Structure formats: C-alpha cells, structure tokens
1. Using 0.36 nm times the number of residues separating ALA17 and GLU471, minus their current alpha carbon distance, what extension gain do you get?
2. What distance in nm separates the two pseudo spin-label positions at GLU192 and GLN348, each 7 Å out from Cα along the beta-carbon direction?
3. For ALA228 and LYS96, FRET efficiency with R0 = 56 Å and r from the beta-carbon atoms, rounded to 0.05?
4. Any idea how far apart THR357 and THR202 come out in nm if each label point goes 7 Å out from Cα toward Cβ?
5. Under a point-charge model restricted to the Cβ atoms of Lys and Arg (+1) and Asp and Glu (-1), what is the dipole moment magnitude of the stretch 377-421 relative to its Cα centre, in debye to the nearest 20?
6. Please give, to one decimal in nm, the separation of the simple spin-label points placed at SER483 and GLN175, each 7 Å out from Cα toward the Cβ.
7. Could you size up the charge dipole of the stretch 322-430 around its Cα centre, putting +1 on the beta carbon of Lys and Arg and -1 on that of Asp and Glu, and report it in debye to the nearest 20?
8. Does the stretch 321-416 classify as rounded, prolate or oblate by the C-alpha gyration tensor (a ≥ b ≥ c root eigenvalues; a/c under 1.5 gives rounded; else a/b over b/c gives prolate, otherwise oblate)?
Amino acid sequence: MDYFQRFLRQFRGQLFAIILLNNVLLIIDWYLITYFFKLDTLYAVAAMLAAPLATAIFIPRLTTDPLVEPTRMIWQAILHIAPGSASHMGAPDPKKLRFGQELVSNLINEIYQTASVVQNVSQAKQHESNGLAANFLASGLPLPMLVLDKDENIVYANDACVKYFKKPASEFIGQNVYTTLDMSFITDDTLESWLSKSKNSTITDNHRWERARIGLPGQNDSLQFDLAAHYNKDNPEGYETLLILFDHTEVYAQDDQAMSFVALAVHELRTPLTLLRGYIEVFDEELGPGLNAELKSFMQKMNVAAEQLAGFVDNILNVAKIEGNQLSLQLHEEDWKAVVDNVVHDLQMRANVRGITIKTDIAAELPKVGVDRYSIYEVIANLLDNAIKYSKGTNEIYVSASVNKDGLVQTDVKDFGLGVDTSILPHIFDKFYRNHRNRAQIGGTGLGLYLSRNIIEAHGGEIWVNSKVDEGSTFSFTILPFSKLAEKGKTGNTSGIIRGAHGWIKNHSLYRD
C-alpha cells in the first residue's frame, strides 16, 4: 500500500470535514437570524457578515495542530538525531497521530536508518585508521599475541606468535584456540573455564596464569609460558579476548629437571630410612620396657624424627609425580571420622614431644566421603605437622569436621601459634614458598601445602587458610560426600574412582576423570 496516497486521502478527509463544519455553521447562523431572532434587514446583514469572520478565526485555531502534527513529528525526529542538537523533546511517537501514522512512522525509520548508515561509515573510517595503527603495534610487539572472537576462534596472530609456534598465520586464523593450541594448566582454572565464567558474570575482565604448557613434560617441543588475558564482552569490533604469552620454557624446564634430580636423590633415601624405622621399632619393642625415662624419651624422639624424614621423602616424591603427571588417586567410600582419628593418633606422638595436645570435634552422622585414604592422610598429616611446628608457646591444636552449607564435609585444623602475615597468604600454597619471618627457625621444604592443595583439588574440594600474626591459623578444606561424586565414576567400594592428582589440566578434556 502507498502510504503517501493513504495519507493524502486522510488529509483530504480532514479538509472536507473542516469545510463541511464551516458551511453547517453558516447555515445554522442564517437559520437563527431569519427564523429564530427575526432581525431587521440591517442587523441581519451585519450578523451574516460576522458569522463567517468568526468561523475564519476560530476554526483554523482548532484544526491547524492536527493537520501539521505529522510534519512536526518528522521535524522532531530530525532534531532528535542531529549532532549537537540542543533539543530535549526526545524521540517522537507516531502512534499519537490522528492520521498519517503509517507514512510518518516509515519516514522516521528511514531517517534513523540513514543516520545509522552515516554513523557506521564514519566509525568504519575511524576504525580503519585506528586498525592500521593497532596492527602496526601488534605486529611489532615482541611477545606472542592472539585475538579471539566471541566463539574463541582466532582472528589475529602477530608475527611473534607465528615465530613462537613455528606455524604460518593461515593455521591460526579462523581456528578455535583450544584446538589449535592444546594448552594445559596447573589447576582447574583454565582459559576455557575462566572465559566461560567471565561471559556469564562480567563485562570486562583480566586474568593471568603461570606455568601454562603446550606439549607433555619431557618432550623436546614442549613449551611453557605465563599467559595474560583480557576479556571485553560484545566488543563492537568483534575482538572479545586478547591473549599475550610470556615464554619461560627454558627456566621452567630447568625447574622440572631440578625436581627430577631431587626426587631421584630422595628416592635413594627410602631404603636406609625403611631400615632405620624398622630398627627403631624393634628396639622400642625389645628394649623399651627396660629403659629409664630419659632413654625412653630419646627413643621417642628418634621415632618422631624418622617419621618426619619419611614424611619429607613422601612429599618430595609425590610432588615429583604431580609435576610428571604420574600421581593417581583411587577414591573409595570412607568413614571420615575414622580417617581423621587415624591421622591424629599417628601425629599425637610428634605433638607430645613438643608438649602439645591434639583435640578433635567430629560432628556425628557425617556422610561417607569419597577419598584416596593414602593421599588424604598426607593432607591431614601435613596440616597437623605445620600446626605442631608453628604452635610456638601454645599447647593445643583443634581438629573439627562438619557438613557445611554446600553439603560438603569441611575439616578445620586450628592452632594458636605464630600465624601468617596477610601479605604472605596469597602465596602460602605455592611450591617451595616459605614464610621469611621464621624460615630460619622452623625447618621444612615448602612443599607440604602445595602438595595438599593439589590432592584436595583432585578430590574435587577446596583448601584455604585464615590467619592472624601471633594469634594462630586455621587451615580448612572440603571433601565431597561419596554420594555427590559423578555417577559415571562410581564403581563400588572395591575399585573406587580413579583420578589424577597432577597439575596439568587441559582446557577441553580434564586429565582427571
């Protein structure tokens, strides 16, 4: 339908109605003068002349606004989008028109579309100018850089990236980043998981990962790097994610080699350590009853020292397995109170040497948990050992367990000793990290908490710490009830659920089941 022709007919109808109204008023005026008032000829003529004059004055005032309203709305739409316009009328609403709604609505839409095209052309020219500068800077950047669209497909790879991966740009552009770069990370906090979370919760975000890897440990072409990312939701240019890589392949490879060497050396300690612990056990059984109090104390301290050395050896070897993707956990349905009590019983002797008592508060009727009993033993033992070492001047440690608000079994190990400074807390679970305030006075490797974090995360739980200097620390971790473990992983109490506790987690296929 021709909207203008419809508008023309409506406009003619409005004019016809106005003219008809004017004539009707004149007829009424003539009738009143002639038959109702019956005026003399002179007055009748004067009244007949006055009536058209009155209608000529008042009818235009009443009918002009509706007739010009369509034109006014078009004018308002132009002012609304005009650059630098001082109009505050806002956008017009054609639905308020008495006639011509279709024509005015279409004209206003055309005005808006034309203005949008002009704006897009202007922005395109500006973007083209900026893009040339951006490409120049990106190409000249000495660090590998990738740009991803909203679907995580690579839309740009700079020259440094091409050289770093030894691939032509054509193998990057248009490809999915997870397929093209099979990256692995030391925790479940992968690029894919971070992007998924950011897209659902924020507009813009930044993140950084250390020790990201492409390739398996020990491979000649394995690359290790730190990764920085910037996310910008619904970027108008289509560039949602920026990735920059900081290569540390040589440095991290040396760390891996050093850990392998240490693990090899520590492994050689196992045989003499096993003999030492065996002899101590024999001496304690055969000679213990006849020893005096002082010699019994010496025997007890020897036993504690041997246990500490055994824990040190186990920590080193397990960390080496984590770094080499070789530590496997088998989760079984266990009674958590029995697990905790067993560890506390074994560590109580070590605590007694320092005059410390370990007290427990395990909630009744805890659900069965899914744990690897050997590795979870190490977690609790490491936390208790730290509590014993750092409980300077205090004589109690508390171990409690209960079900938290998320339905997970939460365990807390609380001491009242030295505490940890807030500046140190973010690094407390890092490998080899030691508190500079007391590392000279208190022995340790800096691996216990690192190992504990990896084991707890492999169990599907979390670990954290709350601490104040000179007031003590509370280390807490969660374990999943066996009923919450993935149904596909349940195979009964005999075979359990297999999980890897290593640190390298792929973006799109987690190593652990």
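1. Details: separation 454, 0.36 × 454 = 163.44 nm, distance 9.21 nm.
The ALA17-GLU471 span can extend by a further 154.2 nm.
2. Roughly 4.8 nm, to one decimal.
3. E between LYS96 and ALA228, to the nearest 0.05, is 0.55.
4. According to this spin-label approximation, the distance is 4.8 nm.
5. Values: 4 positive and 7 negative charges, 17 e Å.
Rounded to the nearest 20 debye, it is 80 debye.
6. Roughly 4.8 nm, to one decimal.
7. Working: 10 positive and 17 negative charges, 76 e Å.
Here the stretch 322-430 has a charge dipole of around 360 debye.
8. Working: a/c = 2.07, a/b = 1.29, b/c = 1.60.
Oblate.
Each reported figure results from applying straightforward, stated rules to the coordinates on display, with no laboratory input. The shown structure was predicted, so the numbers you read here are calculated from the model rather than taken from an experiment. Counting neighbours? That spans all protein chains shown, and the Cβs are built from the backbone with ideal geometry, glycine included.
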